[in-house]
Structures are given as structure tokens and as C-alpha cells.
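Just so it is clear, none of the values below were taken in a lab; they were calculated from the coordinates. Everything numeric here is computed off the predicted structure, so don't read it as measured data. FYI the Cβ positions are ideal-geometry reconstructions off the backbone, even for glycines, and counts take in every protein chain you see.
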Protein chains: 2
Amino acid sequence: MSEYPAVITLCHQARQAAAILAHIPTAEKNRALHAMADVLWKERAAILAANQADLEAARAAGLSEAMLDRLMLNEKRLQGILNDLRQVSELPDPAGELMEEKILPNGLHLRKVRVPLGVLAVIYEARPNVTVDVAGLALKSGNCVILRGGSETIRSNRALAAAIQHGLQGTNIPREAIQLIEDTDRQRVLELLQQDQTVDLVLPRGGASLHEFCRQNSRIPVVTGGMGICHLYVDASADLERALPVIENAKVQRPSVCNALDTVLVHPAVAERFLPKLVEKLRADGVTFRADPEACRILLPQCADCVLPAGEQDFDTEWLSLVLGLKVVVNVTEAIEHIAAHSTGHSDGILAHDPEAIREFVEKVDSAAVYVNASTRFTDGAQMGLGAEIAVSTQRLHARGPMGLRELTTYKWIIEGDYSVRG
Amino acid sequence: MSEYPAVITLCHQARQAAAILAHIPTAEKNRALHAMADVLWKERAAILAANQADLEAARAAGLSEAMLDRLMLNEKRLQGILNDLRQVSELPDPAGELMEEKILPNGLHLRKVRVPLGVLAVIYEARPNVTVDVAGLALKSGNCVILRGGSETIRSNRALAAAIQHGLQGTNIPREAIQLIEDTDRQRVLELLQQDQTVDLVLPRGGASLHEFCRQNSRIPVVTGGMGICHLYVDASADLERALPVIENAKVQRPSVCNALDTVLVHPAVAERFLPKLVEKLRADGVTFRADPEACRILLPQCADCVLPAGEQDFDTEWLSLVLGLKVVVNVTEAIEHIAAHSTGHSDGILAHDPEAIREFVEKVDSAAVYVNASTRFTDGAQMGLGAEIAVSTQRLHARGPMGLRELTTYKWIIEGDYSVRG
């Protein structure tokens, strides 16, 4: 027997809390967000000590410096997390929003009203900030949440979740609204994925294998995403000088995230002029390149220091680092075909002035975000004006692209009649 | 080896067809709907002969008369189905609809545009009309569809699907847009549920075990629904005379469908007066009752001809027949609690005049359709002005309640800049 409460118990408690949380007024939810932030700050010594213990265990286990950095909390980082949490209280509350209203010819009065989804399960890795971010977004949208973090942050997550629940104590919101699965046995994830009687949505946040695991094993609907093999196509009609900083921004500004650029496709009429300039500019940022045969013909041997021939899998790789694929395509149609074959449907764009090329690209590229003359880095809830973001969906059902508070809701129909019967 | 094409092949063909169908203009899709209807009528002899063979096999297998009736096609029924198909051409095309548009402070121009989901898989039982209905709704919304009907209608479905594909021949729409899995081996359903690389949504249409099977085995998102344990609560403030025909309509008009009434909850202040009147009225329609102890106290022994004490499972049963549960609850709050415990979240309503009771009921009952002084029978795409209906979702993700053409779409973000970079 585990020393921790059973997963099914946590989920049942969350379901009961959801029936209460769904009817808590916005002002009270906002007050709770501030109370959570206050207590998290008050309990920072315990949180940072727990994080220190996580870091020591991770170092002993041989985790990389990059992983240790993702794991690490300090007062400044905690302050940033709490500022974000307080910001969530400023966002509009989606629950209760009137989406549609109509009077039918038979006199029935229909309203379509937004309501919280209910209970979310978020399964994530490494970063302890996710614990607080997700708790805040769930609470603001009226949803309860079951949190399941990675074993390497379990001590931090326990301390954070405890402080969050302490923060709820002075409010009308049950502490069971936000629950952490403390048992790090992977079997608990499998159990969680079976709770379709109490959990409405599973959000995995992590690598491809976590998403695949959830999709394979879940009885609950899963929204997968967060993986982007992103493309920019440079048309013959593009302003080549202005295209360079857009590609640089998309590749270099933050290469480790899902909306970072992975492949540049170039029209043959401009490839000879453009590719050497592109390599020259991005080489200075530390970028290395994987080029198709035609791009190799143009770039080699002059750029052999940073250009390699592309291997078989390279155009199907999300680099998450300073590597960029290069390919010469015969025209916009071949660019669209390449994107259809290799994109994950996250963010893909065209750099062009020819309205016909732009029209074809925008119509036929079927990604969550399709760009014209802009960096792929804008695919982000805050950048796109959706408020904070809980995930980026690359599936088609329910929500696509950045998921903010609204994307954590469903709706109900309220139908008022005058003792109306169907004829 | 099966003599039929592999499921994975059908799905790949549908995926390729989807890339074409998504860009077919509305007028061309409407023309195709009429062409399909014309050919279905032209080939009616083959269709009705195939249906006759299905009927004979079903009769030999000992299927009930009710089942045989659901299976049966004749010229008149076919005409009705084709009229519905032609009607779909009159509905607005959701694909391409502009859902949202904004200019961000940084000058980016955002548009959120509706696009088809892509490839649907519809798994259904008995009724051959579903083959044509679903094909029409999928095509109109720009979606390809893989149809998998029941083995008892396989001959009818083959003839219908062949005629539908013949109807597409004179259009720009690939015949692979609408495909039937002809192999009736149940293993094919399992294979279909694994095709998450090519299929975007699974819609089961049938009994609880089919929904459970899909939910258990699918790697593709499933929208389940179509099961309704529906309630009406008669408050002390209701107009009792006017309440009777509403309950009668909800229970009797079409008892075999999912929005038919299953349980009446009654406030104790009116139970003594109301229940005998209700039983008297609905007994004349052939309704029998399953009553809780308090309703039994009121109704027995006078109404022993049609009232039985409710068994343990009776309030968790979707009757789909002329049976009605009766229960006296202490107040609106207990009615809400009973509904939370026993409803499938399909359609539940209150009959009342007290605004406070109505407010509490509407706020706290969390069903796809919540009624005030109206029959539950209005939960229907056509009745609610959504156009035709492909399914009724009782889950919370993506769509809730009746699913029309819009609910078969997703969206993409189109973001136009001026060589814009993220700061």
C-alpha cells in the first residue's frame, strides 16, 4: 500500500470541488490567486529548501547543467512566478461568458454560455514553475486540476502545492481544487489516465514520448501539442534583405522552444543570392545548417565550416537548438507539399510579396498558425492576445494553437420556454 | 488476406482527398450533394435489392421486428433520405468562416478562420440512412469520412456508398472523400481506431457498449454521446396544469430517442396533487412508472396497474421506451443533486415560476442542455437552429450537445506582418 492517497480518491475529491469552484464569483477567484501568491512567498524558505534537495539529488543522478538550470528556483525566479500568478487575476474570466443568444421562431429563448471544463489533469516534466502557472490558470477558469510533475522536482512540487493549498484556506474554494499526485511511481500516471469518470481533459506537457504515452493509454480526452517542426518559405517575391532578420529571430531568439524555426525553404530564383547571405548572418549567431543537395551545391565548399548535407531524418527533426535545415524547392506549391509532409502543424510561414503565392500558401498550409512575413515566434498565448497560455495544441479537436483561459472551457445551452412542447 | 482494401489504405486515401476537399468552393460542394442524390435515386433498384437481402438475412438471424423496421428501406424512405441530403446543400458552409479578427499593438494582423477537421470516422449500427446523412454532412463541411456500418446493413451500405461515389464522379471531389469499410470483421474497427496519423475524429453512433469500446481502444479523439438519462423537475411554483403536457411530450412523443424523458422529480408541496394527475394522463399513453418510496406512498395501491416500486438501477436507466421514473425530492437543491448523480449530462429541465429556484437550477445543473419550462425533446440540431445534426455530444471537449456542421470544423490562425520579429 502506498503512503499516499489513491489517485482515484484525489480525482473524486477534485470532481466534488469542481461543482463548487464552477460557481465561485470572479472576484473571489481573483482574491484566491493573490492569497496563493502571498502564501507561496511567505513559505519561500521551505520551497527553496525543497528545491535545493531536488537539485542535489539531480546532480547526484548526473543530470545535465541545462536540466539543473530548468529545475532550479531562487527568490528572484519565485518572484517572477508569483508576478505571473498575480497577473492571471487581471485576465478576463471566461466562465459565464454569453457566447450566443437567439430566440427561435417557436419562442424558445436559447443561450450558449461558457462553463469550466471541470477537472484537468496536467502531466509535466522538470520545471517547477508549471505547478504554479497551471494552478493559477485552472483556478481562474473555474477548473480543478490534478498535477503530476516529474520525479526530479517532487520535493519542490510538494512544497509548492502545500503552499497553494494553504493559500486557499482563507477562501471559499476547497483545497481539493488543486491536488498534487505525490507518489512518483509511473503506475500512478496510468491510473490517472483511466479516471474518465472524474477527469475531463489530460494535458501532457513534455517530450514526444510523454504525449505518445498519454495518447496510447488514456481513456480521457488528451490535447497533445507543444512540438513544432516549423518552416519559413522564402518566395522569389520576398524582400531578401528584410527576410534575413525574420529568419534570424525565428531561429535564434529562443531556439529551445516549440515555435522556433527548424527549416527554411527557398525558391530557386533567389536561392543563389539568398542562401550565402543567410548562412553568413546566422553563422555569426552560432547556427549550423543541414542542407539539401541543391543548397549544398550553392553553399559548399565555401561554407563547409557550418553546413552539412542533410541526413534522412533531418527535415523531420524538431531541433530545439541552433541547427537549421535548408532546402531549395521549385515553387510555392512544392513548399506547401514539403510542409504538409514534414510539419507538425504548429507554425509555418511565407516571406513574399506576390499576392498569388501568399494566397495559395495561406489557403493550403494547414497549421495552427500560418504566417505571412512574420517570425514563427509569435505563436504564443500572450503574444497573440489570448492572455496566459497553458499549452499549445497541435491537434485539431477542441482547441488549436495557443490555449488560454477560454480554451479551458466548454459551454452549456440554456433553453427557456413557456411550457413549450415539440410539435 | 482480406479481399478488401486495408483500413490503413482507405484512411490514407481519405487524408489525401481531404487536402483537396478542404479547398473546394461551396457551390461545387452543393452541386456534388445534388449529384449524389440524383445517382442514389437512379440506382434505387440496386439499393433496395441489397436492402432486401439484408432484411432476409436479418430475419433469418432472428432480429426483432423493431430492428427489421430500422433496417428497412423503401422508395418512400429513400426519397426522404435524399430530400434531407438536398437540404444540406441549403445550409451555410462553415468552412472559411471568419471567427475572429484583430490587429495587435505591434501591427500583426490576426485572423481566426474556420477549417474542416479533415477526416472523420463514423462507426454506427443498424440504420442505413446514417450512411447517406453522414456522407452529406461531412462533404458539406469539407470533411472526408470513413464509414463503418453494422454487419446487418452491409449490403445496403455497399450499394449506398457505391452510388455516392458514382455521384462524385462528375465533380472535382475525389471519390476517396467518402469511403466505406466493406469488411465486417470487428478487427477492422480496432484497426480504424489506431489510424491517428490520418483520422482526426471518431464518432461512434450506437449503444453504450460501442461508445465504451471506442473510448477504450482509440488513439484518435472520440466524441461520445447520444445517451440521455433526462430529467424534468416539477417545482412547487410550477403551473401544474401546464406542466402535464410538457412531461407528456418529453416522454411520449418519441420514447426511443436520447432526448426523451426518463425521470420526473417532484417537490413535496405539490407531489400529492400532481403525481396522481400525471399518472392518469400518461397511463392513457401506455406509460408505466417506477416510483420511489414516497411516490409509491402517494400512488399505491390506487395506481397499481401501472406503478411499480423503483428498483435499484431504475434511476440510472435510459428507458428508450414508455417507462418513466418518479421521485419526490425535498427541494430544488435535492433535485439538482439527484441530476448530478444520475444524469448523463444530455438534457435536464425545471418546470417552475419561482425565479430563485430557476436561477439555482440553471446555474448548477451542468448538462449540455438545461431547460426552463420546456420539453427535453428540443435537444436536436434542427430544433435548435444548428442545421442538420451528425451526433449529440455528452462529453465536454470540443462540442457539447447537438453537433451540426460547425462542430465538424476546427480553425487556423492566419497572422500577417511586415517582416515582423518578436522583441
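Report, by chain and number, residues whose modeled amide H sits under 5 Å from the one on residue A:420, excluding near sequence neighbours (fewer than 5 apart, same chain).
B:374, B:375
Magnitude of the Cβ-charge dipole of the stretch A:1-140, K/R +1 and D/E -1, about the Cα centre, nearest 20 debye?
That gives a dipole near 360 debye.
If you average the C-alpha positions of the stretch B:1-68 and of the stretch B:222-241 separately, how far apart do those two centres end up, in angstrom?
Centre-to-centre distance over Cα atoms comes out at 36 Å.
Would you grab the residues whose amide H sits under 5 Å from the one on residue B:198? Only those 5+ places off in sequence or on another chain, please, with H modelled 1.01 Å from N.
Here nothing satisfies the definition.
Quick one: which residues, 5 or more positions from residue A:118 or on another chain, have an amide H under 5 Å from its amide H? H modelled 1.01 Å from N in the peptide plane, none for Pro or chain starts.
Under 5 Å from the amide H of residue A:118 lie the amide H atoms of A:144, each far enough along the sequence or on another chain.
Dipole size in debye (nearest 20) for the protein assembly as shown around its Cα centre, Lys and Arg Cβ +1, Asp and Glu Cβ -1?
The dipole of the protein assembly as shown has a size of about 300 debye.
Mind checking Rg over Rh on the stretch B:230-378, alpha carbons, Kirkwood formula for Rh?
My calculation puts Rg/Rh at 0.92.
So what's chain B giving for Rg/Rh, alpha carbon basis, Kirkwood Rh from the mean inverse pair distance?
Ratio value, two decimals: 1.03.
Could you go through the stretch B:137-149 in sequence order and give the Karplus-derived ³J(HN,Hα) for each residue, using 6.51 cos²θ - 1.76 cosθ + 1.60 with θ = phi - 60°, rounded to whole Hz, and x for Gly and Pro?
Karplus-based 3J(HN,Hα) across the stretch B:137-149 equals 5, 4, 4, 4, 8, x, 9, 7, 9, 9, 9, 9, x Hz.
Using each residue's phi in the stretch B:236-247, evaluate 6.51 cos²θ - 1.76 cosθ + 1.60 at θ = phi - 60° and report the 3J(HN,Hα) Karplus result to the nearest Hz, with x for Gly and Pro.
Using θ = phi - 60°, the values come out as 4, 8, 5, 7, 5, 4, 6, 5, 4, x, 5, 5 Hz.
So what's the angle, to the nearest 10 degrees on a 0 to 90 scale, between helix B:75-88 and the longest Cα principal axis of chain B?
The answer is roughly 70 degrees.
In whole Hz and in residue order, list the ³J(HN,Hα) couplings for the stretch B:173-181 that follow from phi through the Karplus curve 6.51 cos²θ - 1.76 cosθ + 1.60, θ = phi - 60°; x for Gly and Pro.
Calculated HN-Hα couplings, in order: 8, x, 5, 6, 5, 10, 10, 10, 7 Hz.
By count of other Cβ within 10 Å, fewest leading, how are A:327, B:76, B:251 ordered?
Ascending Cβ contact count within 10 Å gives the list B:76, A:327, B:251.
Between the stretch B:174-208 and the stretch A:131-152, how many Å separate their Cα centres?
The stretch B:174-208 and the stretch A:131-152 have Cα centres separated by 35 Å.
Could you work out the longest stretch of chain B that avoids the GluC sites (Glu not before Pro) located in DSSP loops with at most 12 other Cβ atoms within 10 Å?
Result for the longest clean stretch: B:91-311.
Within the protein assembly as shown, what percent of beta bridges assigned by DSSP are antiparallel, to the nearest 5?
30
On a 0 to 90° scale, report how tilted helix B:7-21 is relative to the longest principal axis of chain B, with both axes built from alpha carbons and the result rounded to the nearest 10.
80
Within the stretch B:161-243, list the trypsin sites (Lys or Arg not before Pro) lying in a DSSP loop whose Cβ has at most 13 other Cβ atoms in a 10 Å radius.
Hits after loop and neighbour filter: B:186.
Compute the helix-to-body angle for B:332-342: its Cα long axis versus the longest principal axis of chain B, expressed 0 to 90° and rounded to tens.
For B:332-342 against chain B, the angle is about 50 degrees.
With only Lys, Arg, Asp and Glu charged, each at its Cβ (+1 for the first two, -1 for the last two), find how big the charge dipole of the stretch A:230-378 is about the Cα centre; round to the nearest 20 debye.
Dipole of the stretch A:230-378, to the nearest 20 debye: 480 debye.
Counting pairs of Cα atoms in the protein assembly as shown, how many percent are more than 48 Å apart?
Roughly 26 percent, rounded to a whole number.
Work from the charge dipole of chain A (Cβ charges, +1 for Lys and Arg, -1 for Asp and Glu, about the Cα centre) and give the residue of A:336, A:17, A:78 farthest towards its positive end.
The residue sitting most towards the positive pole is A:17.
Remind me, relative contact order of chain B in percent, using alpha carbon pairs under 8 angstrom and six or more residues apart?
This gives 18 percent for chain B.
When DSSP beta bridges are limited to those with both residues in the stretch A:265-423, what percentage is antiparallel, rounded to the nearest 5?
So the antiparallel bridges amount to about 20 percent of the total.
May I ask what percent, to the nearest 5, of DSSP beta bridges between residues of chain B are antiparallel?
So the antiparallel bridges amount to about 30 percent of the total.
How high is the FRET efficiency between residue B:239 and residue A:61 when r is their beta carbon distance and R₀ equals 60 Å, given to the nearest 0.05?
Plugging the Cβ-Cβ distance into 1/(1 + (r/R0)^6) gives 0.25.
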